[in-house]
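Below is one structure; the comments refer to it alone.
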Amino acid sequence: MPDYQSRQAALAERMTAAGTDLIFLPVSADLEYLTGLKRRVLTFGNVEYAHSWVTGAFLAPGREPVFVLPRMVREFDLPEGITGDVAIVNELDDGAAIFGRVAKSYGPVRNVGVGARTWADTILQLQAVLPDARLSSASTLVNLMRRVKSQEELTAMARACHIADEVMGAVTPEITAGVLELELARDINYRMRQLGTRAPSFDTGVWSMGPASQRDATVRISAGPVEPGLGVSFDFGAEVDGYCSDFGRTIHVGDAPAEFRRVYDTVMQAQAAGIRAARPGTPASAVHAATRQVIVDAGLGEWFRHRTGHCIGLDVHELPFISEEDDTPLEAGMTFTIEPSVFRPGHYGARVEDIVVCEEGGGRKLNEYPTDMVVQD
């Protein structure tokens, strides 16, 4: 189990240095990282109860977290309890009064940090009960802590990567002409659950591209069948102990023309260049540049339409980004994707995506699935 007290103590030091007296975090990856309060599996839309806007915890240096939770959250989402004080808001309670009482218990505060996913209603209540406090972003402070992963975190992420590897291997024989993209996605999600993930770490994508199709990579999945002569791209991820993986490959159905083979090889070479560049101290933008240059040199730069990657952990997309606008220096222990692609509608599409950990000698893949081109009959 993570040492949440040490994490909270480290946050307290950052708060003191930043002049932040108090932080409120809603249910989020930040709160799970600091306290162990697990998020619900992601759903389309909001899972709400009466007084949902109060849900979260206050954190301040020298004090245990104080959670403010609707009764339904306490009843059904915390079967093992939580370390810290808990203020319960029942359906008929005055939620604003209870929330305000907890906030005011910290005395006069000058600066209150709030998590990036805090409800607007929560912000308004904080402003009402702490009118003299300045609001700032708490997620900025917590992100600095979450960027570099501990060995325990890397172990969980490696397990999530290996689930994706195993599922790709199991599904590959099913990638034949006539199978529906929806059927492939269904089997991917089912197999990940069988292997222990609570849920996909994001929406699973399966899409075909090639001369026989005008499909674009903006359409992540269709109800149509896979056709011969197309490359079928995959984008999916698993979850282990709250930590995400993010994985991608392209499998060709039927004979692969020379142009597809050239594009595929270029994408794999681009990933290898990005991984070599991923050393401590290297700006994230430089890793993107190294990756992209391989594709530009092959005359395909117009069709590399994505960024090279993004950091990953408890959230599938985390800062910093491996992208041209982000000059954040990489640090040993950072984890991120290297995911170059070339997508040209009506011609070809190929992508690869693995999670890489930054180490002194360069990037190291946590995924073990090979990048050799696979052609299915």
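General observations
- Boolean, ALA103 is of a type outside the set (D, E, K, R) and open to solvent by 10 Å² or more (accessible area, probe 1.4 Å): no
- Which listed residue is on the phi > 0 side of the Ramachandran plot, touching a Leu at 6+ places or on another chain (Cβ under 9 Å) and not hydroxyl-bearing (Ser, Thr, Tyr), from GLY224, GLY210: GLY210
- Search result, residues across segment 311-336 that are without any contact (Cβ under 8 Å) to a residue 60 or more places away in the chain, surrounded by fewer than 21 Cβ atoms within 10 Å (Cβ to Cβ) and under 24 Å from THR204 (Cα atoms): HIS317, PHE321, SER323
- For segment 108-135, a tally of residues being farther than 24 Å from GLU48 by Cα and open to solvent by less than 30 Å² (accessible area, probe 1.4 Å) returns 5.
- Single condition TRP207 does not satisfy, out of (1) modelled with pLDDT of 95 or more; (2) open to solvent by less than 30 Å² (accessible area, probe 1.4 Å); (3) not hydroxyl-bearing (Ser, Thr, Tyr): (1)
- Looking across segment 79-92 at every residue that is loosely packed, with under 12 Cβ neighbours inside 10 Å and modelled with pLDDT of 90 or more, the one that is nearest to the chain's Cα centre (by Cα) is identified as GLU91.
- Among the residues of segment 93-131, those that are under 31 Å from the mean Cα position of the chain (by Cα) and of a type outside the set (A, V, I, L, M) comprise PHE99, ASN111, GLY113, GLY115, ARG117, THR118, TRP119, ASP121, THR122, GLN125, GLN127.
- Test for ARG159: is it within 20 Å of MET334 (Cβ to Cβ), modelled with pLDDT of 95 or more, of a type outside the set (A, V, I, L, M, F, W, C) and open to solvent by less than 60 Å² (accessible area, probe 1.4 Å): no
- Search result, residues across segment 90-147 that are free of Cβ contacts under 8 Å to residues at least 40 places away in the same chain and within 22 Å of PHE321 (Cβ to Cβ): SER137, THR140
- The set of residues in segment 61-119 that are of a type in the set (Ser, Thr, Tyr), under 25 Å from LYS38 (Cβ atoms) and touching a strand residue (DSSP E or B) at 6+ places or on another chain (Cβ under 9 Å) contains only THR118.
- Scanning segment 258-278 turns up no residue that is open to solvent by 20 Å² or more (accessible area, probe 1.4 Å) and on the phi > 0 side of the Ramachandran plot.
- Considering residues of segment 316-343 that are under 18 Å from ASP354 (Cβ atoms) and among the charged types (D, E, K, R) only, the residue modelled with the highest pLDDT: GLU339
- Picking from residues in segment 33-78 that are part of a helix (DSSP H, G or I) and aromatic (Phe, Trp, Tyr), the one that is modelled with the lowest pLDDT is PHE76.
The values are calculated or read from the model by the stated rules, or taken from the named source; none is laboratory data. Please read these numbers as outputs of a predicted model, since none were measured by experiment. FYI the Cβ positions are ideal-geometry reconstructions off the backbone, even for glycines, and counts take in every protein chain you see. Accessible surface areas use protein heavy atoms only, side chains included; no ligands, DNA or RNA. Shrake-Rupley method; radii C 1.70, N 1.55, O 1.52, S 1.80 Å.
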